[in-house]
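Undergrad: The structure is given below, and queries will be raised subsequently.
The values are calculated or read from the model by the stated rules, or taken from the named source; none is laboratory data. Every value quoted in this text rests on a predicted model; they were computed, and no experiment measured them. Don't worry about glycine lacking a Cβ; one is built from the backbone with ideal geometry, like all the others, and counts go over all protein chains shown.
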Amino acid sequence: MNTSLSPANAILLVGHPNVGKSVLFHRLTGAYVNVSNYPGTTVEVTRANTRFDHAAVLLDTPGVLALPSRSDDERATMTALLHENSRCLVQVGDAKNLRRTLTLTALLAELGVPMVLALNMHDEAAARGVTVDVAALSEELGIPVLATVATGGEGIGELTGSLVNARKPQALLRYDADFEKEIAAMAAAINRLAPHPKLAARGLAILFLGGDSAVADWLKEMAVENYPELETLCQAAGQRTDGDLPTLLARERTEAADALAASVIQRAVRSSPLLSQRLGQYVVHPVWGVPILLAVLYVVYQFVGVFGATVLVGLLEKDLFQDILNPAFTNLVNAVISLPWLSELLVGQYGLWTMGMTYALALILPIVTTFFFAFGVLEDSGYLPRLTVIANRLFSLIGLNGRAVLPMVLGLGCVTMATLTTRILHSPRERMITIFLLALAIPCSAQLGVVLGMLGGVSFTAVLVWALAMLAILLLSGFLASKLLPGRRIPLVTELPPMRLPILGNVLKKTGGRLKWYLLEVIPLFLLGTFIMYSLDKSGALPAIIEAGEPLVSGWLGLPKEASAAFVMGFLRRDFGATGLFAMAHSLSPIQAVVGMITLTLFIPCFASLMMMIKEQGAKVALGMVAVIVPFAFFVGGLFNLLLHAVW
Amino acid sequence: MSPKHEARLPLAFITPGTEVRLAALGDEIDPLQREQLTAYGLAENRPLRVLQQKPMTVILADEVELALEHAVARHIWVEIETPPG
């Protein structure tokens, strides 16, 4: 039996989604984690040493809508609570929604771990006329309670100072007498069969009776052959209860939280809604919502597709690399290296510098920089969760709800991260369909930029044809997948966080963090890809592949036979392949450009995405998806070749 | 039974701008989704303000905006506190 825990001194940040845990984590550790104004940004536990105490480790846990845990991210948080040797918990709550915060406190308080409560975003609460009597709340709970504004750094010093005063909270409620008997019996059994070295048996009993699967797994592991006794006790408690026991327990916690919140909150009467609230309502308005969406897409297109992919790429690729850096570097290499194969490896047609670094730095970097910036602005504004409302009807056609738009939009940044983010979806069926569609029809930022840059150079019609084709394929494939996969669609219920003016510094920090990740991931892969292309070329395999691919690439897709090389490159990363086509754009007709980009967009995603698909869905399902996607990409590309020749 | 209003109406039928009080979550709502609603703070007697009904029902519960599909909102029973005005 494994009862060992990680070393002491773990401080866990716990709270509802989108209450500012990750911003607080960054403030307290200096470590960067992705932060956004929508729920579900953090799907895994992140840890780092704190600035204020080098012996302490701070853990940023995924937001929990409620405990007992149900979803994957809630299970991840509960697992951290079970397995970390916590010095204390810092519950981060939304000051303007104290009732909900205290509902979670009511359960965390039963775990018997010292706690501090950070009431974050108290500036937003004040703007809405909500004032919390922090001192009274602290007295009622018996723990330090601090008002903070994590984004502005307000209250952070007080928070770190209060950690030494963390206390085990007083219970917020005594449950109904019958429930208390069940809880006491279960707690005694847990103490006897699977005592937790840190967490109180009473808290574990409430969670287990409430149906927490992470606690059940832990008890199973600890009690081993005695687990059936605990399970039988749980089932018997459920049968003795008139109604659903987990629901009734949750209701009592909610009532206790309501009562306490009402006693410490004061509300000023406001005559009119805030500007941010009015703006938020316009964005999901039945009439104005779609025009606003189209305007947002147009601005993003102008910034990424025109400014990034045309102006900046022109400056970097032609003016800097082609005219200055590449000739200079080629002359230098030829002057100092006498081995022809080595100089060709560095500055030849498939040279590490002339192809690998030029693609990564001159073609892709300006595009992803502008995309990440635009995406960061949208994330921090609170616009993305409102997209779920606008997209809900469309997504209902493919058996999903509007929540799936979040991983899809994130996929426009990076399909790998988006695949991980599908954990915010509630059912395995929704996750499988969304991961399939991400792999099939959602281009990542690098590829999107290349597509916009290449097709934007052809005409706006070419961009439109490509975009409509992708949308149609996405909907059709999703529709078929939803019909083939058993299970039912879950209606959308979602929180709409406040619209906020993005802070430039935060957006730049986030853009910088993503660019660092991009450069670390992409440059080695681009160099590896270039080396593979060089090796294939030198060994004579590339010409053979190009010849072998001619019937498919030239005959069916109508592309020059040299485009086969782009598809070989596409096996490593779709955007690497797309960049290969971009580089030969001058020799392609408009139809060839559109067909090539449609085929490569549908092609298998990058190696990192494939690994993530295997991690999330298992090798069998992931490879099955690839086996469908590759022939489908060529099939659809050929169909568009025939169709566009007939009508364009 | 409420002393002021006897009728319990589905949330999906309420005109935007109306203040309502939550009466009950219908049995038709999936248990997991019911837990989700409770976690968002939708408990009995909770005052709510209906902000819009299209394309989805959007309500303000305390200071939190929630969007609910009509398939869910039509099984949430409310009593009218203040008509729109």
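Undergrad: Mind checking which residues of the stretch A:550-564 are closer than 12 Å to A:G596 by Cβ, part of a helix (DSSP H, G or I) and hydrophobic (A, V, I, L, M, F, W, C)?
TA: If the condition is that a residue be closer than 12 Å to A:G596 by Cβ, part of a helix (DSSP H, G or I) and hydrophobic (A, V, I, L, M, F, W, C), then A:V553, A:A563 are the ones that fit.
Undergrad: Ok, one more. Going through the stretch A:568-587 one residue at a time, which ones are within 27 Å of the chain's Cα centre (by Cα) and polar (S, T, N, Q)?
TA: Across the stretch A:568-587, the qualifying residue is only A:T579.
Undergrad: Moving to a separate point now. Quick one: in the stretch A:331-369, of everything that is of a type in the set (V, I, T) and farther than 24 Å from A:L581 by Cβ, which residue is modelled with the lowest pLDDT?
TA: Within the stretch A:331-369, the match that is modelled with the lowest pLDDT is A:I337.
Undergrad: Which condition number does A:V493 fail, the rest of (1) buried (at least 20 other Cβ atoms within 10 Å of the Cβ); (2) modelled with pLDDT under 85 being met?
TA: With (1) buried (at least 20 other Cβ atoms within 10 Å of the Cβ); (2) modelled with pLDDT under 85 applied to A:V493, the lone miss is (2).
Undergrad: Please specify each residue of the stretch A:29-50 satisfying the condition of being at pLDDT below 85, in a loop (DSSP other than H, G, I, E, B) and not aliphatic (A, V, I, L, M).
TA: Once the filter is applied, which keeps residues that are at pLDDT below 85, in a loop (DSSP other than H, G, I, E, B) and not aliphatic (A, V, I, L, M), the stretch A:29-50 yields A:G30, A:Y32, A:N34, A:S36, A:N37, A:Y38, A:P39, A:G40, A:T41, A:T42, A:E44.
Undergrad: Right, another one. When you scan the stretch B:56-85, how many residues do you find that are within 10 Å of another protein chain (Cβ to nearest Cβ) and among the acidic types (D, E)?
TA: So the answer is 4.
Undergrad: Checking A:F526 against (1) at pLDDT 80 or above; (2) under 28 Å from A:S343 (Cβ atoms); (3) not aliphatic (A, V, I, L, M), only one condition comes out false. Which one?
TA: (1)
Undergrad: So A:L440 ticks every box in (1) part of a helix (DSSP H, G or I); (2) within 13 Å of another protein chain (Cβ to nearest Cβ); (3) buried (at least 24 other Cβ atoms within 10 Å of the Cβ) but one. Which box is left unticked?
TA: Of (1) part of a helix (DSSP H, G or I); (2) within 13 Å of another protein chain (Cβ to nearest Cβ); (3) buried (at least 24 other Cβ atoms within 10 Å of the Cβ), only one is false for A:L440: (2).
Undergrad: Output the strands (runs of 3 or more DSSP E) that fall wholly within the stretch A:75-182 and possess 1 or more residues being farther than 19 Å from A:S263 by Cβ and within 14 Å of chain B (Cβ to nearest Cβ), or say none.
TA: Passing ranges, in order: A:115-120.
Undergrad: Quickly run through the stretch A:421-433 and pick out the residues that are touching a helix residue (DSSP H, G or I) at 6+ places or on another chain (Cβ under 6 Å) and closer than 15 Å to A:G618 by Cα.
TA: Selection gives A:T422, A:R423, A:R431, A:I433.
Undergrad: Considering only residues of the stretch A:489-545 that are away from chain B (no Cβ under 14 Å) and among the basic types (K, R), which is farthest from A:T369 (Cα to Cα)?
TA: Residue satisfying both the conditions and the ranking: A:K538.
Undergrad: Moving to a separate point now. Among the residues of the stretch A:387-401, which ones are more than 8 Å from chain B (Cβ to nearest Cβ) and either of a type in the set (S, T, N, Q) or in a helix (DSSP H, G or I) (or both)?
TA: A:L387, A:A391, A:L394, A:F395, A:S396
Undergrad: Looking only at the stretch B:10-55, count every residue that is in a loop (DSSP other than H, G, I, E, B), within 12 Å of the chain's Cα centre (by Cα) and more than 7 Å from chain A (Cβ to nearest Cβ) and tell me the total.
TA: So the count comes out to 10.
Undergrad: So A:A446 ticks every box in (1) out of contact with any Cys (no Cβ under 9 Å at 6 or more places or on another chain); (2) at pLDDT below 90; (3) part of a helix (DSSP H, G or I) but one. Which box is left unticked?
TA: If we test A:A446 against (1) out of contact with any Cys (no Cβ under 9 Å at 6 or more places or on another chain); (2) at pLDDT below 90; (3) part of a helix (DSSP H, G or I), just (1) comes out false.
Undergrad: Could you figure out which of (1) surrounded by fewer than 19 Cβ atoms within 10 Å (Cβ to Cβ); (2) modelled with pLDDT under 85; (3) among the polar types (S, T, N, Q) isn't true of A:T461?
TA: The one condition A:T461 does not meet is (2).
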